[in-house]
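Report on the following structure.
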Amino acid sequence: MMSGKVKEGLIAGTLSGIILGLLLKAIQYKTGVLVYTLLLNIDFIPVIGDIQWPEMIEFIFHLIISLIIGIVYTIGSYRYFYKRKVAQLLFSYLLTLPTVFLYFPLTYLAEKPTPPLNDIEAISYWTLGHAVYAAVLFAAYRFNEK
């Protein structure tokens, strides 16, 4: 039973992560605000941050984090909120909330250009993107819930 939930979590995490990435990439393309660059930035991580990774590999690093969130969300929703839509929705936003606040340490630690720490526009786009992420996480889980 749990292996099925892990699979559902991988699907939900993949879908949510791809949509978040594409949304922030589109926002950056349209506005010039470097939120997609921030999402993929790993230059501050010892050893792997010293390597010039292709964008696709950086995106895969982002997806790995999203897969973990998807698995935690799916197993948690099944164990604690089975068939309780409102609780599952709130759980998706609660689980995603820390990623909104990651804007600040990620921006502070970044070596390459990213939005300023106090850029309200960038913070708003970052928050919007992660709110969409939580909604997609919930929707993907609900779609697969049996």
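The values are calculated or read from the model by the stated rules, or taken from the named source; none is laboratory data. Please read these numbers as outputs of a predicted model, since none were measured by experiment. Methodologically, a virtual Cβ is constructed for each residue, glycine included, from the backbone with ideal geometry; neighbour enumeration extends over all protein chains shown. Areas reflect the complete protein model, heavy atoms only, side chains present, ligands, DNA and RNA absent. Shrake-Rupley method; radii C 1.70, N 1.55, O 1.52, S 1.80 Å.
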query = In µm²/s, what is D for the stretch 77-146 at 10 °C and 1.306 mPa s, where D = kT/(6 pi eta Rh) by Stokes-Einstein and Rh is the Kirkwood radius from Cα pairs?
reply = 118 µm²/s
inquiry  = Are there any trypsin sites (Lys or Arg not before Pro) in the stretch 1-98 that are in a DSSP loop and have at most 16 other Cβ atoms within 10 Å? List them by number.
reply    = Lys83, Arg84
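Kindly identify the stretch 1-76 as rounded, prolate or oblate by the Cα gyration tensor criterion: order the square roots of the eigenvalues as a ≥ b ≥ c, call it rounded if a/c is under 1.5, otherwise compare a/b with b/c, prolate if a/b is larger, else oblate.
Since a/c reaches 1.5 but b/c is at least a/b, the shape of the stretch 1-76 is classed as oblate.
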note = To the nearest 10 degrees, the tilt of helix 55-81 (Cα long axis) against the first principal axis of the alpha carbons of the chain is 30 degrees
request  = Would you mind getting the accessible area per residue of the stretch 19-146, heavy atoms of the protein chains only, 1.4 Å probe, in Å²?
outcome  = 57 Å²
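Got a number for carbon plus sulfur as a percent of the stretch 1-145's accessible area, 1.4 Å probe?
Answer for the stretch 1-145 is 73 percent, counting heavy atoms of protein chains only.
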message = Can I get the semi-axes of the stretch 107-146's equivalent ellipsoid? Compute them from the C-alpha gyration tensor as square roots of 5 times the eigenvalues, in angstrom, largest first.
response = 31, 11, 5
Estimated inter-spin distance, Ile120 and Leu90, nm [label 7 Å along Cα→Cβ] = 3.0 nm
request  = For the chain, find the longest principal axis of its Cα atoms and tell me its angle to the long axis of helix 120-144, 0 to 90°, nearest 10.
outcome  = 30 degrees
key: Principal semi-axes in Å for the chain [√(5λ), Cα gyration tensor, largest first]   = 28, 17, 12
query = Taking the Cα centre of the chain as the origin and placing charges on Cβ (Lys, Arg +1; Asp, Glu -1), which of Ile51, Gly21, Tyr73 is farthest toward the positive end of the dipole?
reply = Tyr73
query = In the stretch 55-146, which chymotrypsin sites (Phe, Trp or Tyr not before Pro) are in a loop and have at most 10 other Cβ atoms within 10 Å, using DSSP for the loop call?
reply = Tyr82
remark   = With +1 at each Lys and Arg Cβ and -1 at each Asp and Glu Cβ, the charge dipole magnitude of the stretch 1-143 around its Cα centre, to the nearest 20 debye, comes out at 920 debye
task = Across the chain, how many lysine pairs, 8 or more positions apart or on different chains, have C-alpha atoms separated by under 16 Å? Please give the number.
result = 5
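Could you work out the relative contact order of the stretch 30-107, using alpha carbon pairs under 8 angstrom and six or more residues apart, expressed as a whole percent? Present the calculation step by step, with values, prior to reporting the outcome.
Values: 25 pairs, mean separation 23.0, N = 78.
With pairs under 8 Å counted, the relative contact order is 29 percent.
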